[in-house]
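Report on one structure; see the data block that follows.
The values are calculated or read from the model by the stated rules, or taken from the named source; none is laboratory data. Keep in mind the model is a prediction, meaning the values are calculated, not measured. Here the Cβ positions follow ideal geometry from the backbone for every residue, glycine too, while neighbour counts run over all protein chains shown.
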Amino acid sequence: MRGPGRSALAVRDAMSKHKDCAVTSIILKYLTDQNRPFSAQDIFGNLQREYHFGKTVAVKALEQLAQDGKIKEKVYGKQKIYFADQRQFTAVGEADLKTLDNQICELSEKFQNLQQSCRQMEAELKELNNSMTTQEMSVEIAALKQECASHRERLQKIKSTSNHVTPEDKEQVYNERKQYIKEWRKRKRMATDLIDAVLEGYPKSRKQFYEEVGIETDEDHSIAVPDL
């Protein structure tokens, strides 16, 4: 039993060492390609989604690379910064730096243009998504045509009738209505004032007075004076 147990442990150790070596190679290549300083958290955050290793593995790999002299390590307070050994890179002259600056400016301009194009396309896509589809538009057009046909039919029926009301007749009817409503309000107010005067010396209630005299009010028949 002890033999297979030690064998399985050795296999796990070998696999772990192989994984650590792979992570170390990945981090070394990343630091060399990027050629800029990173913290252990930066390295972990930038690479873990693609290569699926933990932060502890990343810290261990960075410390091993720094110990082996393959990368440089700087301590700022409680934080450690790692970057590629600059001795491996060819020295760059002023002319080369100027060329690189020009390339950076060109690439930055292209990047900004691409960003603007992307924003425009996103706006167009949003507008298209909010617009009606061809099928929806066809259904809407058919419904509008049906509605227009219904209105035309109704208009034709109105035009074909012989008992049209002229604008003058309509205006006269409205004026007469206003006059009748005003007269209604006036007479109701006069009747109310007269009844109130009588009730000042009447020993019974208003309701009893109405019953004795035989007065029926608008309210008894659920009627209200219309608005003008």
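Determine, yes or no, whether residue 87 is exposed (fewer than 10 other Cβ atoms within 10 Å of the Cβ) and basic (Lys, Arg). Answer is yes for this residue.
Give just the number: which of (1) at pLDDT 90 or above; (2) farther than 30 Å from residue 219 by Cα; (3) of a type outside the set (Phe, Trp, Tyr) does residue 177 not satisfy? Unmet for residue 177, out of (1) at pLDDT 90 or above; (2) farther than 30 Å from residue 219 by Cα; (3) of a type outside the set (Phe, Trp, Tyr): (2). If I go through segment 79-108 residue by residue, how many of them are modelled with pLDDT under 85 and either in contact with a Cys (Cβ under 7 Å, 6 or more places away or on another chain) or not in a helix (DSSP H, G or I) (or both)? Of the residues in segment 79-108, 5 are modelled with pLDDT under 85 and either in contact with a Cys (Cβ under 7 Å, 6 or more places away or on another chain) or not in a helix (DSSP H, G or I) (or both).
Against the test of being part of a helix (DSSP H, G or I), out of contact with any helix residue (DSSP H, G or I) (no Cβ under 9 Å at 6 or more places or on another chain), surrounded by 10 or more Cβ atoms within 10 Å (Cβ to Cβ) and not assigned by TED's automatic domain parsing to the domain that holds residue 212, the options 120, 172 yield a single qualifying residue, 120.
Within segment 45-80, the set of residues being hydrophobic (A, V, I, L, M, F, W, C) and within 14 Å of residue 25 (Cα to Cα) comprises 47, 53, 57, 58, 59, 61, 62, 65, 66, 71.
Within segment 23-49, the set of residues being charged (D, E, K, R) and exposed (fewer than 13 other Cβ atoms within 10 Å of the Cβ) comprises 29, 33, 36, 49. Residue 125 - would you say it is closer than 21 Å to residue 31 by Cα, under 45 Å from the mean Cα position of the chain (by Cα) and not assigned by TED's automatic domain parsing to the domain that holds residue 31? Here the answer is no, as residue 125 does not meet what is asked. The C-beta contact set for segment 92-108 (first residue surrounded by 10 or more Cβ atoms within 10 Å (Cβ to Cβ), second residue assigned to a helix (DSSP H, G or I), distance under 8 angstrom, 6+ apart or interchain) comprises 92/100.
Scanning segment 49-78 for residues that are part of a strand (DSSP E or B) and either out of contact with any strand residue (DSSP E or B) (no Cβ under 7 Å at 6 or more places or on another chain) or modelled with pLDDT under 90 (or both) turns up 75, 76.
When only residues in segment 20-47 that are assigned to a helix (DSSP H, G or I) and aromatic (Phe, Trp, Tyr) count, which is nearest to residue 86 (Cα to Cα)? Out of the qualifying residues, it is 30. Here residue 135 clears all of (1) among the polar types (S, T, N, Q); (2) exposed (fewer than 10 other Cβ atoms within 10 Å of the Cβ); (3) part of a loop (DSSP other than H, G, I, E, B) except the condition numbered (3).
Beta carbons closer than 6 Å, at least 6 apart along the sequence or on distinct chains, pair a first residue in segment 73-87 that is assigned by TED's automatic domain parsing to the domain that holds residue 35 and more than 14 Å from residue 41 (Cα to Cα) with a second that is surrounded by 10 or more Cβ atoms within 10 Å (Cβ to Cβ) and polar (S, T, N, Q) for 84/32; 84/35.
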